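To start, the structure itself, in structure tokens.
The values are calculated or read from the model by the stated rules, or taken from the named source; none is laboratory data. For clarity, every value in this text was computed on a predicted model and none was experimentally measured. Cβ coordinates were reconstructed from backbone atoms using ideal geometry, including for glycine residues, and neighbour counts include every protein chain displayed.
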Ligand SMILES: Cc1ncc(COP(=O)(O)O)c(C=O)c1O
Ligand SMILES: Cc1ncc(COP(=O)(O)O)c(C=O)c1O
Ligand code: FES
Ligand code: FES
């Protein structure tokens, strides 16, 4: 078996050639520390400034509102802890949803141990948060709402603009985790009206270990890493210039090619969904039928279990995921699938296949063909399956 | 003017060719997420394991005691905040020194605002901490001692082994910032007896944006970034595999070549110091005469100010620093030079030149020759200088 | 993640299926945890002459079921009841730490089937006098959880 | 960091030196802050016919001293007293935000020298009636400090 089909673009992406090319000069030639005043340092600083500017422009933000981090998780931690502790005097209540990424949920749990109260909003069967419940949950102690833009497991897109409006009316900060949104939906921070938004480079064909937090001017937030004066004294540490330069290039490409990317992945994704639903029984498509990440397909195959499905796919060269990559260490079923109301036994049979820029039609057809065989084989082995 | 002489290796280093080569496959081919169970993920996980193992071995630690971070500053923050909050029930007293990196000092200041008490130990004229004062400062509320291994400005090496012994006798955790030590002094965590120790890859010809924290088994410490299960649930975020692989290679090279590196930089550094002291009046060498970073030279030139000295050097292609890179945003004189007892006016005329693997004899001779001219020129302009 | 032997038993599981009118049938695990193992035994003169299984579960659950059937086939009831999860893991040449519990499921499935056989035949098998299969073999937390906060 | 004009004045400063028996000498700044500017004026018939400076300080301090001497040379005392740090910054075509204060030092040095001239000659210069040079022009904190914690 030699064929390799990568359908896990929501876990991470290969870096694009153009991104690597942009990064190359900064490893060993233009290697200066951006805080140094000599020519090596100024060269690095200039690259940093240009990168920051590109990313700011790409999302309609101001240069000074972009703060670089080591990735999406760090930025989630910073946004939530930073706002929570800086606004502790105003209140101790945070609202989030049941289907957030663990980098949001586990921070909320941490804050609960430190005197904060957290409301975890329900979602409907498609994974959309309940706006009425949101409105009713806001109290005069509420300081932050954190609702993700696009869900990483089932791909559902949230009504961010409406949430931002509600938050604004009630004078509450609004953070959205846009790690899965960037490059897959249009983003303009002012049009959306969000206060904080975070990104991760490796999800959009950029380098691993780089991300950013957009912080609207005026938002009260604590610094995240204390130390040197980097990132306007809010996030210390020698800047990862090659990484940041690569990130900026990836954002630039993502924004430039947004339409063609969406068209490409949606077409293949739809072909995959159609093929699976047509050829396999007892399968359920999770997430919103329309309002979803253009490359995301998430299925539950009844009577079989996710890991054995993944392993079988892997044996024929197909890389998929059951839920998010980070939970694969855990044996509990996905909290997202539980939140949309699936039973344990069905949630255990989930498979996320995410399509990306390098996916081809042949990849999809091969995957459908293999899936049919594998699902059947596993069902034949399953004590739950009766033909 | 075409000549470029980089003498700021303590600020950052160019990545070595071997390091980049090691990283290259992980950008676009072996690009998997180490948390994924498919072949792409396993390939990444394997690279991660090998890297962790190499670094552990290089410092005599166990594989499970190495935690990757985004750099030295993050690791300092984690070590100190993580231990402080996790051991809050045992006490609220922390001991550090007046000459720590800002990533330690600013964290301590932050903790002071959150109910902790911090003792900042004095240092002698060479920058060595006072062990008697250390012993006398320990109370039954002391939970952590954090003293850097090698100072980044003046290069002084601290008696880490003795400090570790004192800490151990008194049942207090001991963290040392070894960012400037790695690759410049031999390190074995068990021989030294430290509990926590941190590193940064870009200081040793590795990539920017990667570092590590050594946490001795059994040390009570809070997780740093909440989210996915990465880094044994202590530091969430998709691992920066290329960066980590490059870091491991850099560590490997640093340990392999430790002796020849030390010999090379020390020889050049001594040539620089001799040349400067012989050819320029009213100059002072800061830091310990022997017990210092082999590549570090730190001078104070009386009657002139550091920035104009740096700028002038930069104009002839020589990259140096006044104190650490991170403080160059600030206009205050170095806290390290103040701590060793220099007056403000002398501290303002400081210059740090740090020699590295790519420095040549010609670089040094050129630098001495230029320095003589520049110092003279600036002194001619100075109202403080009387021939 | 899994070694070759495990992958072989996962991809080519031995003795998959059901036995009609089996002499002993055992089912362990539960859907909530995502694993169910069902074991069918054909026993003649105290010897397991045939064995089949069906498993809903992870790769390791399938591989351990498979090898467990191989290990007890042809054995006497008394020998089979001594099958330990440790022996199963060893036969598979190792399992990842967080997957060792799956082998407990296999051990339990064999015992449950033998217990059913004993019940049906009104006999007691030494070691199975008061058998009760464990409901959930998973440790839902890992080694590091305790020092998390 | 600095533009070409600033670097030119830094590398090739105009009017460096001292004037013996100067008609007015002013010194501002202090060693603690790392900057001292000393300005010497030769004044004939109310016109600055010569000016020299010596500066211990950053690149911007040297550049602003240099251009300030150029800007007041040949000017009347009344014109010179109107020199603002803003004009100095403009003449240099801009300074980095955290370096604007260095130009205040230059303005102050000129004023201090003029004040000294006025004192020595027992006259008052309009705008310098109760001149007192600022001791430390640095803002030792930056714009973001307030929201740090
Ligand atoms: C002693 C010391 N600690 C910490 C750091 C911070 O490391 P990083 O730049 O990787 O965050 C540095 C260098 O900047 C350093 O010299
Ligand atoms: C929605 C979401 N948020 C946060 C993250 C974390 O990003 P990173 O892996 O860069 O830390 C991810 C991906 O893992 C994600 O999908
Ligand atoms: S049997 Fe539950 S994970 Fe294997
Ligand atoms: S005059 Fe003080 S920094 Fe320029």
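Details
- Only listed residue being crowded, with 23+ Cβ neighbours inside 10 Å, modelled with pLDDT of 95 or more and on the phi < 0 side of the Ramachandran plot, chosen from D:118, D:91, D:109, D:87: D:109
- Residues located in the range A:135-150, provided they are in contact with a helix residue (DSSP H, G or I) (Cβ under 7 Å, 6 or more places away or on another chain) and surrounded by fewer than 18 Cβ atoms within 10 Å (Cβ to Cβ): A:135
- Flag if residue B:218 is more than 16 Å from ligand 3 (Cβ to nearest atom), under 26 Å from residue B:160 (Cα atoms) and surrounded by fewer than 24 Cβ atoms within 10 Å (Cβ to Cβ): yes
- Filtering A:99, A:95 for residues that are part of a strand (DSSP E or B) and either surrounded by fewer than 21 Cβ atoms within 10 Å (Cβ to Cβ) or touching a residue at least 12 places away in the same chain (Cβ under 8 Å) (or both) leaves a single hit, A:95.
- Residue that is farthest from ligand 1 (Cβ to nearest atom), among those in the range B:102-125 that are touching a residue at least 40 places away in the same chain (Cβ under 8 Å) and surrounded by 19 or more Cβ atoms within 10 Å (Cβ to Cβ): B:123
- Checking each residue in the range C:20-40 for being within 11 Å of residue C:51 (Cα to Cα) and assigned to a strand (DSSP E or B) picks out C:24, C:25, C:38, C:39, C:40.
- For first residues located in the range B:364-387 and away from every other protein chain (no Cβ under 13 Å), partners that are surrounded by fewer than 16 Cβ atoms within 10 Å (Cβ to Cβ) and part of a loop (DSSP other than H, G, I, E, B) and lie 6+ apart or on another chain with Cβ distances below 7 Å form the pairs B:366/B:3.
- For the range A:111-134, filtering for residues that are more than 13 Å from residue A:97 (Cα to Cα) and touching a helix residue (DSSP H, G or I) at 6+ places or on another chain (Cβ under 8 Å) leaves 2.
- Residues (buried (at least 17 other Cβ atoms within 10 Å of the Cβ) and either closer than 12 Å to residue A:156 by Cβ or in the same structural domain as residue A:99 (by TED's automatic domain parsing) (or both)) located in the range A:270-290: A:286, A:287, A:288
- Screening B:267, B:249 for residues that are surrounded by fewer than 23 Cβ atoms within 10 Å (Cβ to Cβ), modelled with pLDDT of 95 or more and more than 16 Å from ligand 3 (Cβ to nearest atom) leaves exactly one candidate, B:267.
- Some residue of the range C:98-111 being in contact with a helix residue (DSSP H, G or I) (Cβ under 8 Å, 6 or more places away or on another chain), within 14 Å of another protein chain (Cβ to nearest Cβ) and assigned to a loop (DSSP other than H, G, I, E, B): no
- Checked against the criterion of being without any contact (Cβ under 8 Å) to a residue 40 or more places away in the chain, over 15 Å from the mean Cα position of the chain (by Cα), farther than 19 Å from residue C:127 by Cα and surrounded by fewer than 23 Cβ atoms within 10 Å (Cβ to Cβ), the candidates C:52, C:42 yield just one match: C:42.
- Residue check for residue C:60: modelled with pLDDT under 95, surrounded by 14 or more Cβ atoms within 10 Å (Cβ to Cβ) and within 14 Å of another protein chain (Cβ to nearest Cβ): yes
- Single condition residue C:13 does not satisfy, out of (1) part of a loop (DSSP other than H, G, I, E, B); (2) away from ligand 3 (no atom under 16 Å from the Cβ); (3) touching a residue at least 12 places away in the same chain (Cβ under 8 Å): (2)
- Every condition in (1) outside any loop (DSSP other than H, G, I, E, B); (2) under 27 Å from residue A:230 (Cβ atoms); (3) free of Cβ contacts under 8 Å to residues at least 60 places away in the same chain holds for residue A:88 except the one numbered (1).
- One residue stands out in the range A:175-191 among those that are farther than 20 Å from residue A:290 by Cα and within 16 Å of ligand 2 (Cβ to nearest atom): the one that is surrounded by the most Cβ atoms within 10 Å (Cβ to Cβ), namely A:175.
- Among the residues of the range B:68-114, those identified as more than 13 Å from chain A (Cβ to nearest Cβ) and more than 16 Å from the chain's Cα centre (by Cα) are B:83, B:87, B:89, B:90, B:91, B:92, B:93, B:94, B:95.
- The single condition among (1) within 11 Å of chain A (Cβ to nearest Cβ); (2) buried (at least 21 other Cβ atoms within 10 Å of the Cβ); (3) over 22 Å from the mean Cα position of the chain (by Cα) that residue B:22 does not satisfy is (1).
- Subset of the range B:294-318 that is facing chain A (nearest Cβ under 8 Å) and either assigned to a loop (DSSP other than H, G, I, E, B) or within 20 Å of residue B:336 (Cβ to Cβ) (or both) - its residue that is nearest to ligand 1 (Cβ to nearest atom): B:310
- Top-ranked residue in the range A:3-19 [being assigned to a helix (DSSP H, G or I) and surrounded by fewer than 24 Cβ atoms within 10 Å (Cβ to Cβ); ranked as farthest from the other protein chains (Cβ to nearest Cβ)]: A:18
- Subset of the range B:343-382 (residues that are in a loop (DSSP other than H, G, I, E, B), buried (at least 16 other Cβ atoms within 10 Å of the Cβ) and at pLDDT 95 or above): B:355, B:356, B:357, B:359, B:382
- Screening the candidates D:110, D:77 for the property of being away from ligand 3 (no atom under 16 Å from the Cβ), within 19 Å of residue D:47 (Cβ to Cβ) and touching a residue at least 60 places away in the same chain (Cβ under 8 Å) yields one hit, D:110.
- With respect to the conditions (1) in a loop (DSSP other than H, G, I, E, B); (2) at the interface with chain A (Cβ under 10 Å from one of its Cβ atoms); (3) touching a residue at least 24 places away in the same chain (Cβ under 8 Å), residue B:186 falls short on a single one, namely (2).
- Residue A:201 meets the conditions (1) free of Cβ contacts under 8 Å to residues at least 60 places away in the same chain; (2) under 14 Å from the mean Cα position of the chain (by Cα) in every case but one. The failed one is (1).
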